[in-house]
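The values are calculated or read from the model by the stated rules, or taken from the named source; none is laboratory data. As the structure is a computational prediction, the values presented were derived from the model and not from experiment. Virtual Cβ from ideal backbone geometry, glycine too; neighbours counted across all protein chains shown.
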Amino acid sequence: MKICPCCMEEHEVKIITVQEKNIFKNVPVEYSAEYFYCSNTDETFAEEQQIAANDIAMKNAYREKMGLLTSYQISAIRARYGISQSDLCLLLGWGGKTITRYESHQVQDAAHDTILRKLAADPEWFLQLLKAEKGSLSSASYEKYFEAGTTLFEQDHDQYLKSAIMARYARFVHNPEANGNKELSLDVIADMIRYYANSTLVTSLYLVKLMKLLWYGDALSYKRRGYAISGMAYRALPMGAVPIAYESIIDLSTIHYEEVDMGDGTGYRFLPSEDREYAHLTPEDMEILDVVIQKLGRLSKNEIVNMMHKEDAYTETASHDIIQFKYAKTLSLK
């Protein structure tokens with residue numbers, strides 16, 4: 001109940017939504033506005049908060065028509081990084097109240113809109129801006145923003161890697177002899193790698209050995225069931241079977257390795273993880289991987305490469321060609 005300014009009586013007033021038409025910056029716009037409605041006089045009125053909200057609605061309608069970010073989209077960009085309005089202005093070199101105004105009553109120009117869109121799409125750039133202003137921020141704020149930016153960058157980096165990997169596998173989608181009659185799954189691959197890395201029976205898990213374990217897992221699965229586990233395609237390289245796009249696959253954020261100075265180069269040692277759940281592997285998948293681990297897990301890199309070199313899959317495949325899964329039928333593992 002409130003005193004209604006239309007009839008000057010105390011009664012319950014309704015809130016109604018009205019489709020408004022207006023002109024903003026010489027551009028006609030339509031938007032939804034909210035008002036109080038007095039049934040005694042059949043009139044509407046607005047209080048200060050509604051007037052402000054309706055003004056934002058009108059300007060957001062203009063923004064949408066002109067292809068600019070709305071005030072809510074600008075707020076969402078800032079919220080994505082968990083950064084305050086004033087600190088974001090600091091990073092962008094803008095006046096301290098600029099973002100506050102853009103999130104409320106002021107429409108940004110095209111140049112600032114472009115910068116905000118770049119910020120939304122490029123967490124790496126946000127981190128660069130953040131590092132440049134580290135001395136101007138409190139240590140707590142810097143760490144908070146750095147953590148948020150890093151998480152988003154890793155997510156975006158993963159998405160980019162996944163898109164690039166899937167693009168390289170496009171030619172193998174309808175080739176069961178190349179993909180082992182299985183659709184590629186990056187989640188399955190990550191689980192396979194963690195399954196091997198987490199096993200205490202797998203020693204010295206460096207890149208070359210891992211590549212062979214992956215192939216043996218897929219090949220044994222194909223031999224037993226008629227389809228591979230991962231959907232990866234493998235080339236016959238001098239050190240044996242190597243998956244297509246392996247260099248991108250191992251950089252997915254769910255796969256953990258460390259670089260080791262080997263004297264004549266850098267080695268990649270794959271590490272156990274705290275995550276011991278393998279949601280994307282079936283019990284039958286893990287049973288097959290256990291056979292591979294039992295037979296090959298303690299072999300050295302050279303031993304497993306020599307073993308691979310004796311497989312029909314390798315001897316019958318020309319150098320750098322795709323290994324056909326039909327050769328899994330004569331795989332040495334059973």
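Please determine, by comparing only the residues of the stretch 16-32 that are in contact with a Phe, Trp or Tyr (Cβ under 7 Å, 6 or more places away or on another chain) and of a type in the set (Val, Ile, Thr), which one is surrounded by the most Cβ atoms within 10 Å (Cβ to Cβ).
Of all residues in the stretch 16-32, those in contact with a Phe, Trp or Tyr (Cβ under 7 Å, 6 or more places away or on another chain) come to 16, 18, 20, 24-25, 27, 29.
Now narrow it down to the ones that are of a type in the set (Val, Ile, Thr): 16, 18, 27, 29.
Details: Ile16: 11, Val18: 12, Val27: 11, Val29: 20.
The selected residue is Val29.
Does the stretch 10-35 hold any residues that are at pLDDT 85 or above and either among the aliphatic types (A, V, I, L, M) or assigned to a loop (DSSP other than H, G, I, E, B) (or both), and which are they?
Those that are at pLDDT 85 or above and either among the aliphatic types (A, V, I, L, M) or assigned to a loop (DSSP other than H, G, I, E, B) (or both): Ile15, Ile16, Val18, Ile23, Lys25, Asn26, Val27, Val29, Ala33.
Residues of the stretch 299-325 being under 13 Å from Tyr234 (Cβ atoms) and in contact with a helix residue (DSSP H, G or I) (Cβ under 9 Å, 6 or more places away or on another chain), which ones?
Once the filter is applied, which keeps residues that are under 13 Å from Tyr234 (Cβ atoms) and in contact with a helix residue (DSSP H, G or I) (Cβ under 9 Å, 6 or more places away or on another chain), the stretch 299-325 yields Met308, Glu311, Ala313, Tyr314, Thr317, Ile322, Ile323, Gln324, Phe325.
Name, by its number, the condition in (1) surrounded by 15 or more Cβ atoms within 10 Å (Cβ to Cβ); (2) in contact (Cβ under 8 Å) with a residue 40 or more places away in the chain; (3) assigned to a helix (DSSP H, G or I) that does not hold for Ala52.
(1)
Would you confirm whether or not the stretch 112-121 contains a residue that is closer than 30 Å to Lys329 by Cα, part of a helix (DSSP H, G or I) and touching a residue at least 12 places away in the same chain (Cβ under 8 Å)? Let's see the steps before the verdict.
Our first condition is that a residue be closer than 30 Å to Lys329 by Cα; within the stretch 112-121, this holds for none.
Looking for residues that are closer than 30 Å to Lys329 by Cα, part of a helix (DSSP H, G or I) and touching a residue at least 12 places away in the same chain (Cβ under 8 Å), one finds none in the stretch 112-121, hence no.
Out of the residues in the stretch 68-106 meeting the condition of being farther than 22 Å from Phe153 by Cβ and hydrophobic (A, V, I, L, M, F, W, C), tell me which one is surrounded by the fewest Cβ atoms within 10 Å (Cβ to Cβ).
So the residue we want is Trp94.
Which residues, taken from the stretch 118-138, are among the small types (Gly, Ala, Ser) and within 26 Å of the chain's Cα centre (by Cα)?
If we filter the stretch 118-138 for residues that are among the small types (Gly, Ala, Ser), which is where we start, we get 120-121, 132, 135-136, 138.
The answer is Ala120, Ala121, Ala132.
If Glu287 passes every condition in (1) under 35 Å from the mean Cα position of the chain (by Cα); (2) in a loop (DSSP other than H, G, I, E, B) but one, which one does it miss?
(2)
List the residue pairs whose Cβ atoms are under 8 Å apart, where the first residue sits in the stretch 261-274 and is in contact (Cβ under 8 Å) with a residue 60 or more places away in the chain and in the same structural domain as Lys209 (by TED's automatic domain parsing), the second is in a loop (DSSP other than H, G, I, E, B) and small (Gly, Ala, Ser), and the two are 6 or more positions apart or on different chains.
Arg269/Ser204
Name every residue in the stretch 320-334 that is under 35 Å from the mean Cα position of the chain (by Cα) and assigned to a loop (DSSP other than H, G, I, E, B), in order of residue number.
Result: His320, Asp321, Ile323, Gln324.
Tell me which residues, restricted to the stretch 9-60, are among the charged types (D, E, K, R) and in contact with a strand residue (DSSP E or B) (Cβ under 6 Å, 6 or more places away or on another chain).
Glu10, Lys14, Glu20, Lys21, Glu30, Glu34
Spot the failing condition for Ser273; the list is (1) farther than 15 Å from Tyr195 by Cα; (2) at pLDDT below 95, and only one is missed.
So Ser273 meets the others, but not (1).
So that you can scan it fast, the table gives a plain yes or no per residue for (1) part of a helix (DSSP H, G or I); (2) of a type in the set (Val, Ile, Thr); (3) farther than 22 Å from Val242 by Cβ; (4) under 13 Å from the mean Cα position of the chain (by Cα):
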residue	(1), (2), (3), (4)
Ala140	yes, no, yes, no
Tyr145	yes, no, yes, no
Ala148	yes, no, yes, no
Thr151	yes, yes, yes, yes
His157	yes, no, yes, yes
Ala167	yes, no, no, no
Arg171	yes, no, no, no
Glu183	no, no, no, no
Val188	yes, yes, no, no
